[in-house]
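Trainee: Please read through the structure below; I'll follow up with questions.
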Ligand SMILES: [Zn+2]
């Protein structure tokens, strides 16, 4: 059971995209604890255009 969300995080670089995704998770899905493992998973999902695709990773056990 995940969170149904179409959010796709993009940034000027991989770090920006990742930061945007994490900010979104915290603000919208109220995830307080994002583990290093989750960060690494999200980082790995960042693609060439510096976007973290929807469904490309899970933070806190739910989709973004
Ligand atoms: Zn979301």
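Since every read-out is calculated from the coordinates, none of them should be taken as a lab result. Only a predicted model underlies this, so the values are computations on that prediction, with no experimental measurement involved.
Trainee: Using every alpha carbon pair in region 9-58, what percent of pairs falls into each 10 Å bin from 0 up to the bin containing the largest distance?
Mentor: 30, 60, 9
Trainee: Relative contact order of region 9-58: what whole-number percent is it, with Cα pairs under 8 angstrom and at least 6 residues apart?
Mentor: 45
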